[in-house]
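Notes follow the structure.
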Amino acid sequence: MTSALPRRSAALQAVLGAATAVADPSAPAKKAAARATARTTAPAPVPPRSTAPAGIVVPKAPAARSVDAAYAPRAALGGTTPPVPVARPPRYKAVRPVAPRAVSGGTTSTAAALLLARRATWGATPEVVDAITSMGASAWVEAQLAPKTIPDPVVDDLVKTQFPRLAWQTWEVHDRYWPDQTGDLGYDTVEAYLARAIWSKRQLLEVMVDFWSNHLVVTAPWGETWDCVHRFHEDVVRKNALGRYADMLVAAAMHPAMLAQLDNESSSKRAPNENFGRELLELHTVGVTGGYVESDIRTSALVLTGMSTESESGEYFYRHIRHHTGQVGLLGWSSANTSARGEAVGVSYLQHLARHPSTARRLATKLAVRFVSDTPPSTLVDTLAQVYLANDTAIAPVLRALFASTEFAESAGRKTKRPLERIVSVARALGVRPGADTRDWLGDLSWYSRVAGQAPLAWPAPNGYPDVAAAWAGAGATLAGWNFAMHQGWSATDTTEKRVTYPALRGLLPTTLPSTHGAAVDALATRLLSAPLSAAKRDAVCAFVGKTAATPLKSTDSLVGWRLPYVVALVLDTPEFATR
């Protein structure tokens, strides 16, 4: 309290003016300090020394090999000091190949089709549910696992016309923007990512792109990867999203974006940076329970030394002069590592980690969490891990087995959309189409997602956005989702909105109006949720417009007039729509 009074007095003096101010009691002390300062002569600056003062012996810098050899892991963790003379034997048994079952055939029920549509896309639409029902779940999944066979003209045209810079190589970005940096490529990546999520016909690919983007995290739009984040998403994530994880892991480790994001571009035998070596084990492959110890992290970093970038072009470049040589080994893998040109050693190490049973179980768990439940049954995880190993890290067989599993079929209602998924699925449910300034509108979506706590590709930590309901149960994320749904309802009735095209909200109802308010709400829910609401929720929506479910509906009623955007938003705000 006492310390605050002088500040308040000074503020009051400033308001009342200098004429009413009292004398500053500290003025004499301030003047004395100023006089003392004026009398004090500052010493001349001392130039930096290039030689040691006489009588002082400077120890000779140790050789890099000595520094590496002197590394002592924490004793409490029981680590070993590299070089490792003999690799530890694998801690697992051979895996028995497991043939995945086929996804249910051509008699897919509407409920099963809706479940698959909600889980394997960025938001179920009547078109997707109809396609799964008519094709059969098995045929639909097979088609989605071969995305190049699915025509995707809207997205192809958008990428070509709106995001041509995505085709630039990293060196071209450097050349075109020299000597500056830019966020252009990052924003291109984020907005193309949103456009593909909303409009692509290759929905399972886009869902898996999202999955891997949260597994091998490279943030956008700004950061160390300003020049190459777009190529990471094109050449690493999108190219391998449905392929072999071993290929994706190697591609990621040899990409300038990952090397910059996790500091391996500056790592060397003289000063190994453990960031990438640690995250490779902890997040990208075997996980914290994968059986490695502290000294293994050091070894992991040493194996990866040399994988770097070239500063002028920003492209990947192997710097053999930085590579640590000597026997290395961990987690059942070892190498004599005798040559400074050790790129192949690093690749061998990465492929071993991708094929490790702990990696299989970790990825199987994450996939089961994404598609089945926040707490997936261990039986499903075991099965998926075996399929992963039996198919040499191929992802498509794992997804095929997952969607064919009993655990998946019985998991309806056990997953909740994350904020970004909810926003994208609103746009899909309303049938928004590209328009005159699609990119500006996509920028709005990115902003809304940031407000909701999940800006696209922007999770700052290397572990990716969480995918469990408890992480998103806060009021902020919920309110942001509601506000976005309401905003889209208003936008759909705004005749000045030309950036994208909104179908008329009236088109969400049957051409011939239902006879009652309750029937109209049921029809609206069936169109947006692929299922009617419960009677209690239907009655609540009717009460919002001052009617009952049995009240006859006329074309002049507010439910199909000025209040329709609000009613649409109410339906999109329900837990049913928030369910994945």
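The values are calculated or read from the model by the stated rules, or taken from the named source; none is laboratory data. Predicted model, so just to flag it, every value in this text is computed and none were measured. Neighbour counts are summed over all protein chains in view; Cβ atoms, including those assigned to glycine, are modelled from backbone coordinates with ideal geometry. For the accessible areas, the whole protein counts, side chains as well, though only heavy atoms, and no ligand, DNA or RNA atoms are used. Shrake-Rupley method; radii C 1.70, N 1.55, O 1.52, S 1.80 Å.
Against the criterion of being open to solvent by less than 10 Å² (accessible area, probe 1.4 Å), over 19 Å from HIS284 (Cα atoms) and in a helix (DSSP H, G or I), VAL398 does not qualify. The lone criterion from (1) open to solvent by less than 30 Å² (accessible area, probe 1.4 Å); (2) at pLDDT below 95 left unmet by ALA531 is number (1). VAL236 meets the conditions (1) open to solvent by 30 Å² or more (accessible area, probe 1.4 Å); (2) farther than 15 Å from ALA461 by Cα; (3) in a helix (DSSP H, G or I) in every case but one. The failed one is (1). The criterion of at least 3 residues that are touching a residue at least 40 places away in the same chain (Cβ under 8 Å) and out of contact with any His (no Cβ under 8 Å at 6 or more places or on another chain) is met, among helices (runs of 4 or more DSSP H) falling completely within the stretch 504-580, by 517-529, 564-572, 575-578. Scanning the stretch 345-368 for residues that are open to solvent by 10 Å² or more (accessible area, probe 1.4 Å), in contact with a Ser or Thr (Cβ under 8 Å, 6 or more places away or on another chain) and among the hydrophobic types (A, V, I, L, M, F, W, C) yields one hit, VAL345.
In the stretch 198-209, the residues that are closer than 19 Å to ASP467 by Cα reach residues that are β-branched (Val, Ile, Thr) and in a loop (DSSP other than H, G, I, E, B) with C-beta atoms within less than 6 angstrom, at least six apart or across chains, in these pairs: GLN203/THR121. Of the candidates THR182, THR125, THR110, the single residue that is within 25 Å of the chain's Cα centre (by Cα), among the β-branched types (Val, Ile, Thr) and modelled with pLDDT under 95 is THR182. Tallying residues that are within 38 Å of the chain's Cα centre (by Cα) and closer than 30 Å to TRP441 by Cα within the stretch 511-543 yields 11. Being farther than 28 Å from GLU127 by Cα and among the small types (Gly, Ala, Ser) is the filter here; which residues of the stretch 550-580 pass it? Once the filter is applied, which keeps residues that are farther than 28 Å from GLU127 by Cα and among the small types (Gly, Ala, Ser), the stretch 550-580 yields ALA550, SER558. Mind checking whether some residue in the stretch 431-447 is closer than 20 Å to ILE198 by Cβ, assigned to a loop (DSSP other than H, G, I, E, B), open to solvent by 40 Å² or more (accessible area, probe 1.4 Å) and not aromatic (Phe, Trp, Tyr)? Yes, there is a match, as at least one residue in the stretch 431-447 is closer than 20 Å to ILE198 by Cβ, assigned to a loop (DSSP other than H, G, I, E, B), open to solvent by 40 Å² or more (accessible area, probe 1.4 Å) and not aromatic (Phe, Trp, Tyr). On inspection, VAL381 passes the criterion of being crowded, with 21+ Cβ neighbours inside 10 Å, free of Cβ contacts under 8 Å to residues at least 40 places away in the same chain and either part of a helix (DSSP H, G or I) or aliphatic (A, V, I, L, M) (or both). Filtered by the rule that a residue be small (Gly, Ala, Ser) and surrounded by fewer than 16 Cβ atoms within 10 Å (Cβ to Cβ), the stretch 448-469 gives a lone residue, ALA461. Filtered by the rule that a residue be out of contact with any Ser or Thr (no Cβ under 8 Å at 6 or more places or on another chain), part of a loop (DSSP other than H, G, I, E, B) and either of a type in the set (Lys, Arg) or farther than 30 Å from GLY507 by Cα (or both), the stretch 448-462 gives GLY453, GLN454, ALA461, PRO462. Does ALA192 fit the bill of being crowded, with 19+ Cβ neighbours inside 10 Å, part of a helix (DSSP H, G or I), within 21 Å of the chain's Cα centre (by Cα) and in contact (Cβ under 8 Å) with a residue 12 or more places away in the chain? The answer is yes for ALA192. If the condition is being of a type in the set (Phe, Trp, Tyr) and surrounded by 19 or more Cβ atoms within 10 Å (Cβ to Cβ), then the stretch 290-317 contributes TYR292, TYR316.
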